[in-house]
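What follows is one structure encoded as structure tokens, with my remarks underneath.
Nothing in this text is a laboratory measurement; each read-out follows from the coordinates by a stated rule. These numbers come from a predicted model, not from an experiment.
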Amino acid sequence: MWSIPGAPERKFLKAEGPALQVTDGAVISGYASLFGAKDQGGDIVQKGAYAASLAASAKAGRGIKMLWQHDPAQPIGVWDEVREDATGLFVKGRILTDVEKGREAVALLAAGAIDGLSIGYRTLKAQRDGKGQRLLAEVELWEVSLVTFPMLPEARVSAKSDALDDEVWGALAAAFEAARVSLAAR
């Protein structure tokens, strides 16, 4: 893994435990980063690494973006809550089903086809330990994405709500009905 100083970086998180939960339709919550966990690139995020960035974003009235696969051209929702706690970086937000990619994300989450979170950030303070690991002490958080392949093996979607399943099936039923009506009109 290589990086250019000051360039944006991404950290992927795929949890074994309850990292990302889907409830109340398209509301999701979970951990986008876990403190003290070594990712596949050898990086370890330390407690407090996000504090200054989150405070600066709040002061400026900027939210952390919810993107699809780190693509800045594909926002899919809104993170209503982004905070550090003793475990890591907790996020809670809403996938916007009025956006085409948001509907796709909801369907993929409901089917279990996608299950990862990833952060987009810039490293501000880091050091290497004697084991070749990079200890991230301060990062500037830009976005948290839903992704296919997370870098940190400890995080994955752990729950889907019935409301989400109902929304997906309802959308599929509406699409089939619209296609049926269109074909009947020909």
Using alpha-carbon positions, the gyration tensor of the range 98-155 gives root eigenvalues a ≥ b ≥ c; with a/c under 1.5 called rounded, otherwise prolate if a/b exceeds b/c, else oblate, the class is oblate
Violations at 31 Å Cα threshold for listed pairs LYS65/LYS125; LYS59/LYS131; LYS59/LYS125 -> LYS59/LYS131
Whole-number value, in Å³ per residue, for the convex hull of the alpha carbons of the range 80-121 is 97 Å³
